[in-house]
Amino acid sequence: MRTPFAGGATRRAAGPLQAGLMTAALLAALATQGLTPRSATAGAGPDAPVNPRRDAFKARFVGQPAPEFALQDIQGHAVRLSALRGRVVLLNFWFSGCLPCRHETPDLITLYRLYARQGLEILAMNLDDIMIPAEGHGPLGAFLKEFPVPYPVVMVDNKTYEAYGDIPVQPISFLVDRNGTIVHVFWGALPGPVFEKTIKPYLAPPPPAARP
């Protein structure tokens, strides 16, 4: 049976040579313009079973309250994490020049369309102002033209970047339950079914309050 994620939405995985050429071209363009990206580390997908850096990062955040933030989306609307209490929130940190981020976006769009009515909220936490500040918002506009995400695109500031551990890889996603607690960290770009399997249990409606 074909899953909703099969084939993605206009996604075609780049081979090693193509991905290498695209990365080289991006870095050359940045060097030509004198840009110095901030600690860009692409997370290409599931990594080795043993990864002390990843495991220490997850241990630091999982089970803790998600750091509050007050930011704006690209429409100029205020976005506060606390305002989404009662919904399951996926905070997807990414930037426009990140190739793995491009690969996972179609699956996140599908995930949102499947589960938004069940309480899933996705925030596209954009890092362009931190990772590629000299580029302006041109790359973001081009990215969104190719991938018109149906959920809010939020511009991350330095305070939020630091509160979420300086975002050690891109992309990285934090799953926040209905009570505002981080329950999972998705390290790197992952396929839709991996997100779906982890998120679905948290979308179950909360049990009715006990009668006095």
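A short reminder: the numbers here are calculations on the coordinates, not readings from a lab. Everything numeric here is computed off the predicted structure, so don't read it as measured data. Note: ideal-geometry Cβ built from the backbone for every residue, glycine included; neighbour counts use all protein chains shown.
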Partner aspartates and glutamates for LYS159 [C-alpha distance under 19 Å; skip if fewer than 8 residues away on the same chain]: GLU68, ASP73, ASP128, ASP129
Candidate aspartates and glutamates for bridging to LYS200, where Cα separation is under 14 Å - those fewer than 8 sequence places away on the same chain excluded: GLU121, ASP177
In Hz, Karplus ³J(HN,Hα) per residue of segment 58-68 (6.51, -1.76, 1.60; θ = phi - 60°; x = Gly, Pro): 4, 4, 5, 9, 5, x, 9, x, 5, x, 5
Does segment 112-212 classify as rounded, prolate or oblate by the C-alpha gyration tensor (a ≥ b ≥ c root eigenvalues; a/c under 1.5 gives rounded; else a/b over b/c gives prolate, otherwise oblate)? prolate
Using a/c under 1.5 as the rounded threshold, could you call segment 37-203 rounded, prolate or oblate? The axes a ≥ b ≥ c are square roots of the C-alpha gyration tensor eigenvalues, and prolate needs a/b larger than b/c, oblate otherwise. rounded
For the residues GLU104, GLU196, what sequence is obtained by ranking on other C-beta atoms within 10 Å, fewest first? GLU196, GLU104
Report, ordered by chain and residue number, the lysines lying within cross-link reach of LYS197, taken as a straight Cα distance under 25 Å and ignoring same-chain residues fewer than 8 apart. LYS58
Whole-Hz couplings from phi, Karplus 6.51/-1.76/1.60, listed for segment 116-132; x for Gly and Pro: 4, 6, 8, x, 8, 10, 10, 10, 7, 7, 7, 9, 4, 5, 9, 7, 9
Rounded if a/c is under 1.5, else prolate if a/b beats b/c, else oblate: with a ≥ b ≥ c from the C-alpha gyration tensor eigenvalues square-rooted, which is segment 53-102? oblate
By how many nm would the segment from ALA116 to LEU203 lengthen if fully extended, with 0.36 nm per residue of separation less the alpha-carbon distance? 30.4 nm
Between VAL62 and HIS137, what is the label-point separation in nm under the 7 Å Cα-to-beta-carbon projection? 3.6 nm
Could you give me the ³J(HN,Hα) list for segment 164-176, computed from phi with Karplus coefficients 6.51, -1.76, 1.60 and θ = phi - 60°, whole Hz, x at Gly and Pro? 9, x, 6, 6, x, 9, 10, x, 8, 10, 10, 9, 10
Magnitude of the Cβ-charge dipole (Lys and Arg +1, Asp and Glu -1) of segment 129-212 about the Cα centre, nearest 20 debye, reported as 520 debye
If each residue's Cβ is checked for other Cβ atoms within 10 Å, how do LYS58, LYS145 rank with the fewest at the top? LYS145, LYS58
